[in-house]
1. Evaluate 2.2 N^0.38 Å with N set to the residue count of the range 123-234, then give the Cα radius of gyration divided by it.
2. Output the pairs from 15/87; 3/219; 48/110; 22/110; 61/118 with a Cα-Cα distance over 27 Å in this structure; if there are none, say none.
3. Could you tell me which of rounded, prolate or oblate describes the range 93-182, using a ≥ b ≥ c as the square roots of the eigenvalues of the alpha-carbon gyration tensor, with rounded for a/c under 1.5 and, failing that, prolate when a/b is larger than b/c and oblate otherwise?
4. Mean separation of Cα pairs under 8 Å and 6+ residues apart, divided by the residue count of the range 1-58: what relative contact order is that in percent?
5. Based on C-alpha coordinates, I'd like the Rg and Dmax of the range 206-266, in Å.
6. Towards the positive end of the charge dipole of the chain, with charges on Cβ (+1 Lys, Arg; -1 Asp, Glu), say which of 199, 265, 65 has the farthest Cα.
7. Grab the DSSP H runs of the chain that are 4 residues or longer, score each as -39,500 (n - 2.57), total them, divide by all residues and round the 222 nm result to the nearest 500 deg cm²/dmol.
8. Go ahead and run the numbers for FRET between residue 199 and residue 55, Cβ-Cβ distance against an R0 of 22 Å, rounding to 0.05.
Amino acid sequence: MFKIGFFQFNPEFGKVESNLAKVIYALSGVQTDIVVLPELSFTGYFFKNRDELKSMAEDLKNSSTVESLKAFCREKDFYIVTGFAEKAADRLFNSSLLIGPGGIIHTYRKLHLFNTEKDCFDPGDTPLEVNSVRSIKLGMMICFDWVLPETARILALKGADLLCHPSNLVLTHCQQAMLTRSLENSVFSVTANRYGIESRPHGNLSFTGQSQIVDPKGKLLHRANAAQDELHVIEIDIDEARDKSFTEKNNLFKDRRPGFYGEMVKTGSSI
Ligand code: ACM
């Protein structure tokens with residue numbers, strides 16, 4: 001058996017050190033293999049502009065936040081998936097890090113930026129990749145990536161058993177849609193969302209909480225409250241994600257007809 005979970009909380013904008021301290025305190029007693037944190041867990045989300053983001057984003061090779069998370073994973077002997085504001089030379093990415101006892105294993109840079117994120121972040125440039133963690137394979141996607149079903153599909157086709165999905169959701173559709181992302185790919189998913197309101201001089205954003213864990217049959221195993229801190233961990237049987245059969249005569253992957261799906265991978269659109 002394998003343990004997965006999330007920590008839902010309400011990061012305070014710009015308070016990187018205290019957000020990190022909150023996470024470390026909340027996770028210090030937990031027993032798990034993996035815990036997923038929200039998108040942009042340490043900086044907060046609603047940047048005024050690119051310059052403001054630039055002043056807070058961190059280079060992964062020179063980040064006290066990353067060093068603390070690495071040491072924490074080593075001490076706890078577990079893995080964290082977390083949203084992170086990443087600076088790479090003059091580029092800025094809305095990233096997700098997979099960190100384990102040995103350090104950073106993979107960095108995924110959000111491919112599908114949401115709304116005003118496009119004014120601040122560069123679009124992701126990392127391929128969708130699957131990584132082994134102990135007995136399972138996981139893929140990372142970030143928040144709005146849910147709306148492009150290709151994201152989850154590619155990760156599943158590459159062998160992911162589990163989708164780790166750091167989020168800062170402001171719309172209400174995603175939690176329900178992720179039941180379908182799990183069902184159509186026969187994978188577990190953990191959506192770790194934040195809650196609370198970010199009040200900034202340029203506007204307010206309200207986040208929807210309700211972080212959740214879904215099984216490969218699209219069954220909701222747990223959904224958190226809309227506005228409370230919550231750490232939730234469950235045990236899963238990963239073999240459930242490796243059975244892609246749907247009926248006696250249907251298999252989610254073998255039934256695919258890629259020869260008819262050309263439009264999906266063409267650049268641009270016919271409409
Ligand atoms: C989102 O992608 N943060 C909605």
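1. 1.08
2. Where the Cα-Cα span goes over 27 Å, no listed pair is concerned, since all stay within it.
3. oblate
4. Relative contact order, the range 1-58: 46 percent.
5. 17.2, 47
6. Most positive-ward Cα: 265.
7. Calculated at 222 nm, the ellipticity per residue is -6500 deg cm²/dmol.
8. FRET efficiency, residue 199 to residue 55: 0.70.
Coordinate-derived values only; no laboratory data. No experiment lies behind these values; they were computed from the predicted model shown. We place every Cβ from the backbone using ideal geometry, glycine too, and count neighbours over all the protein chains shown.
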